[in-house]
Amino acid sequence: MVSATAWEPAGTSGPAPGPGVPRVMRADARRNYERLLAEARSSFAEHGTDASLEDVARRAGVGIGTLYRHFPNRRALMSAVFEGAVSDLLARSRELLEAPQPCTALVDWLREIITHASEYRGLARALMSASRDDGSHLARCSGPMREAGSALLLRAQESGAVHPDVSIGDLLQLTNAIALAAEETPDDPALADRLLSLTLRGLKP
């Protein structure tokens, strides 16, 4: 598994570069990277994660070759876009470890995963696929998420609120499936909460 700080170069402070970023970049390369990432966020939010990478490069003012030098494939770019959400979710998981109700804390965190996944159409499906491919760029995000979720799940299991046979891998897959179902049913905004409630009933011993 990749630790939460695995992307931070030694001897630096502040946000770490994403999986597609070299540890040392010239100023112009850094500007290109930041423009590409900003345009990818905008394009993915508007058109989904299947948005044209050629259009992302054009809007960033660079050629497609420059995009691929920073991000070797679409999943590398998606991973960099999702990295900010991962940081937020990891921080939130640490806060929830102090919550008085372990099961509620776990469900609250899963609900926040669904909210973040819904920001980019297609992300939930990609995250489900990444769980079966440890070598993918998105798997670099899923490693720390599994660790964070495991801590919350273990606490809920130790409290007796969650069945001991529940695994974090299955739980995250269910959560991504709920996010995908909600994404494909936009006229039912309450669907995700209903499905999460059903999931919670199945977690109880």
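Take Arg69 and decide whether it is within 19 Å of the chain's Cα centre (by Cα), open to solvent by 10 Å² or more (accessible area, probe 1.4 Å) and among the basic types (Lys, Arg).
For Arg69, the condition - within 19 Å of the chain's Cα centre (by Cα), open to solvent by 10 Å² or more (accessible area, probe 1.4 Å) and among the basic types (Lys, Arg) - is not met.
Right, Leu96: modelled with pLDDT of 90 or more and touching a Phe, Trp or Tyr at 6+ places or on another chain (Cβ under 9 Å) or not?
Taking the combined requirement at face value, the residue satisfies it.
Does at least one position in region 113-130 carry a residue that is within 30 Å of Asp28 (Cα to Cα) and touching a Leu at 6+ places or on another chain (Cβ under 8 Å)?
no
Look at region 154-205 and say how many of its residues are surrounded by 14 or more Cβ atoms within 10 Å (Cβ to Cβ), at pLDDT below 90 and among the β-branched types (Val, Ile, Thr).
Qualifying residue count for the region: 1.
Return a yes/no flag: does region 87-97 have any residue that is under 30 Å from Gly160 (Cα atoms) and in a loop (DSSP other than H, G, I, E, B).
Yes.
Scan region 94-120 for residues that are among the small types (Gly, Ala, Ser), over 18 Å from Leu200 (Cα atoms) and open to solvent by less than 40 Å² (accessible area, probe 1.4 Å) and jot them down.
Once the filter is applied, which keeps residues that are among the small types (Gly, Ala, Ser), over 18 Å from Leu200 (Cα atoms) and open to solvent by less than 40 Å² (accessible area, probe 1.4 Å), region 94-120 yields only Ala117.
Could you list all residues from region 72-93 that are open to solvent by 70 Å² or more (accessible area, probe 1.4 Å) and among the small types (Gly, Ala, Ser)?
none
Consider region 74-119. How many of its residues are of a type in the set (Phe, Trp, Tyr) and within 10 Å of the chain's Cα centre (by Cα)?
The number of residues fulfilling the criteria is 1.
The values are calculated or read from the model by the stated rules, or taken from the named source; none is laboratory data. All figures in this text were calculated on a predicted structure; none of them were measured in a lab. All Cβ positions, glycine included, derive from the backbone under ideal geometry; neighbour counts span all protein chains shown. Heavy atoms of the whole protein, side chains included, go into the accessibility calculation; ligands, DNA and RNA do not. Shrake-Rupley method; radii C 1.70, N 1.55, O 1.52, S 1.80 Å.
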